[in-house]
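A.B. asks: Before I ask anything, let me first share the structure, which is written out below as structure tokens.
Each reported figure results from applying straightforward, stated rules to the coordinates on display, with no laboratory input. Because the structure is a prediction, the values reported are computed rather than measured. Note: ideal-geometry Cβ built from the backbone for every residue, glycine included; neighbour counts use all protein chains shown.
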């Protein structure tokens, strides 16, 4: 029986030819509407909290399962329009994150301000890192933070990226995220993470507005 845990699609790319990319964008949404997926975020200037990241657009999609995501990705109609994306962009990475077992893709609330934090790092000292791992969810909970996914070996569909863990967290607002990030409790944990990992990038994707 296939594992039906949610799977998140993350694409990071630079738009080089807006006319060519526009052809892809125009055709994408009618196709996507029939997949059961959720368009969670699109950010052209994702704020970077730590590390470094190439400038460009980041898109975050949530699907009910890996199978649903790959069925869309591998379909002939999608691959036909993907040629416009490839012709009009420089792809840094497109990859999949496996969601938590028993969880579901969050629903977008009309007028909501939810933001999603993406953290990418390599664990150098697993024993020391375990204290961070145990503390991250309890530290975020008082600020409304929720862990959606973490994956030590994300499946790469296009482009490339440094090996390591990627984690995806959600907060109700940018204000809540920054309050957590700057809180004494998290700063103590962050010191453990910084000492036991190599950080590639930690950024967040701003709210995806949904009309009431």
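A.B. asks: Using 0.36 nm per residue of separation minus the Cα-Cα distance, give me the extension gain between residue 4 and residue 124 in nm, one decimal. Don't skip to the end; give the middle numbers.
C.D. replies: Details: separation 120, 0.36 × 120 = 43.20 nm, distance 3.10 nm.
Computed gain between residue 4 and residue 124 is 40.1 nm.
A.B. asks: With N residues in the chain, what two-decimal value do you get for its Cα radius of gyration over 2.2 N^0.38 Å?
C.D. replies: Details: Rg = 17.2 Å, N = 212, 2.2 N^0.38 = 16.8 Å.
Compared with the compact-globule rule of thumb, the chain sits at 1.02.
A.B. asks: Between residue 17 and residue 39, take the C-beta separation as r, use R0 = 30 Å, and let me know the FRET efficiency to the nearest 0.05. Before the final figure, lay out the partial values.
C.D. replies: Details: r = 23 Å, r/R0 = 0.75.
So the FRET efficiency works out to roughly 0.85.
A.B. asks: For region 106-155, treating each Cα as an identical point scatterer without solvent, what Debye log10 I(q)/I(0) comes out at q = 0.23, 0.31 1/Å?
C.D. replies: Each listed q corresponds, in turn, to -1.07, -1.33.
A.B. asks: Which whole-number percent gives the relative contact order of region 110-212, counting Cα pairs below 8 Å spaced six or more residues apart? Write out the running numbers ahead of the final one.
C.D. replies: Details: 179 pairs, mean separation 54.6, N = 103.
53 percent.
A.B. asks: Same structure again: Place a point 7 Å from Cα of residue 75 in the direction of its Cβ. Which residues in region 28-49 have their backbone N less than 18 Å from it?
C.D. replies: Within reach of a label on residue 75: 28-40.
A.B. asks: Would you mind computing, in nm to one decimal, how far apart the modelled labels at residue 156 and residue 141 are, each placed 7 Å from Cα along Cα→Cβ?
C.D. replies: In this crude label model, residue 156 to residue 141 measures out at 3.6 nm.
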